[in-house]
Amino acid sequence: MEIPATIRKKMSLQKEMEVAFEAKDALDWADLVKVIPVEDVKIDENGQYDSLKYP
């Protein structure tokens, strides 16, 4: 991946330099999915469910 020239200049990066990036304050996947409601749908032995109870 090539770093844009404006960023290379601002950070005084030269060819062949190695850089590492770290994301700070990034959301964790667990934080993203914990706000998604979970619905427990009961399915009978015939693969059917009650559409009135679980619309």
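The values are calculated or read from the model by the stated rules, or taken from the named source; none is laboratory data. Note that this is a predicted model, so its numbers are computed, not measured. Cβ atoms come from the backbone with ideal geometry, glycine included; neighbour counts cover every protein chain shown. Ligands, DNA and RNA are stripped out before the accessible areas are found, and what is left, the full protein with its side chains, is counted by its heavy atoms. Shrake-Rupley method; radii C 1.70, N 1.55, O 1.52, S 1.80 Å.
Annotation: lysines with alpha-carbon distance below 17 angstrom to residue 53 (same-chain offsets under eight excluded): 42.
Relative to the Cα centre, what is the charge dipole magnitude of segment 15-55, using +1 at the beta carbon of each Lys and Arg, -1 at the beta carbon of each Asp and Glu, and rounding to the nearest 20 debye?
That gives segment 15-55 a dipole magnitude of about 140 debye.
Full extension of the segment from residue 21 to residue 2, taken as 0.36 nm per residue of separation minus the current Cα-Cα distance, would add 5.5 nm. What lysines sit close enough to residue 9 to cross-link, taking a C-alpha to C-alpha distance under 29 Å and skipping anything fewer than 8 places away on the same chain? Straight-distance partners of residue 9: 24. With the charge dipole of the chain set up from +1 on Lys and Arg Cβ and -1 on Asp and Glu Cβ about the Cα centre, the Cα lying farthest toward the positive end among the listed residues 20, 7, 47 is that of 7. Of all aspartates and glutamates in the structure, those lying under 15 Å Cα to Cα from residue 15, and not within fewer than 8 positions of it along the same chain, are 2. Set the Cα radius of gyration of the chain against 2.2 N^0.38 Å, with N its number of residues, and you get 2.47.
Once neighbouring chains are kept in place and the probe is 1.4 Å, which whole percent of the accessible area of the chain is contributed by carbon and sulfur? Write down the numbers at each step before the final one.
Details: 3350 of 6060 Å².
Of the solvent-accessible surface of the chain, carbon and sulfur hold 55 percent.
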